[in-house]
Every structure is written in structure tokens, then in C-alpha cells.
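Here is the structure we will look at, set down as C-alpha cells.
The values are calculated or read from the model by the stated rules, or taken from the named source; none is laboratory data. No experiment lies behind these values; they were computed from the predicted model shown. We place every Cβ from the backbone using ideal geometry, glycine too, and count neighbours over all the protein chains shown. Calculation scope for accessible area: heavy atoms of the full protein, side chains included, ligands and nucleic acids excluded. Shrake-Rupley method; radii C 1.70, N 1.55, O 1.52, S 1.80 Å.
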Amino acid sequence: FRVGVEVACGRTQLGKTMPDSHKVIAVVDDDPEMRAAMASLLSAYGYGAETFDSAETFLTCASTSKATCLVVDIQLGDISGVELAHQLAADGFTYPIIFMTGLDDEVIRTQAAAAGGVAFLHKPFPAQTLFDAIKKASG
């Protein structure tokens, strides 16, 4: 059983096309287990999910993404989560961004806040903390 099916610039999660009115959360994380867990959790709570293995992959797909919110790991490959936020802003995209990381220090928190992050989650985090952050990002 595979959870969190990734697609190249698509709107598919768990084998279903998400309706346009459905809230879709994009998860950008280089850890395949985290992406799968996040997609499964979001799906269980009625959200659609798009998962991306890098900032570069998301940037390639940003114009076709149906995401209403991004959940982005700060420590990614060549482009960090904070750099992704800056690039999206420079390109005119205004996604609310929830940052997550396993490294919780003040410098990283400050960088995430300066990049416009609406929330900062330290891994591992309770599901309710994620959903509270999504609610905050939505409105």
C-alpha cells in the first residue's frame, strides 16, 4: 500500500484528482517518509496534498499547483526552504508558508519569519499543531 503518491506537476493524491474547490496543501520535503506521512495525515483530515522532493521541483510546478498553503522543510538540498520562499515571492507567488525543521535554533526561526513564514514547526510535531498552523495560514 503506497501513501502519498507524488506526481510531476499534477494534482493527484492517493490516485484521485482533487476537485478545484478542495484545499490542497503542498508539502516540500526531501525525506520520502516524511512526505508520505504528511500526505497520509492531510488526506485523513480531508485535505488534498501535493508532495515535492525538492524546492526545485516545486518551483518547476508552482504555476500549475493547486496548493492553497505550503508546508516546507527548511533543510532541503540545493535550495533551502527559506530560499524557496524568497524565490516564490520574487516570482509573484503569495502562498502562505509553514516552515518545519528538525533543527530548532533562533537563527533559523528568525530567517523563517523574515521569509514570511506563518508558522514554524519543530519536527516531530503533533498533528494538531500542523492543523492549527494550516488554519492560521488559511485565514
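Where in the stretch 81-112 does the amide nitrogen come within less than 20 Å of the point 7 Å from the Cα of Glu56, taken along Cα to Cβ?
The answer is 81-91.
Please give, to one decimal in nm, the separation of the simple spin-label points placed at Thr94 and Thr129, each 7 Å out from Cα toward the Cβ.
3.0
Rounded to the nearest 20 debye, what is the charge dipole size of the stretch 58-139 about its Cα centre when +1 sits on each Lys and Arg Cβ and -1 on each Asp and Glu Cβ?
That gives the stretch 58-139 a dipole magnitude of about 360 debye.
Probe of 1.4 angstrom, ligands and nucleic acids ignored: what's the accessible area per residue over the stretch 29-139, in square angstrom?
Computed with neighbouring chains in place, this is 47 Å² per residue.
Could you compute how much accessible surface Phe93 exposes when probed at 1.4 Å, giving the result in Å² to the nearest 10?
70
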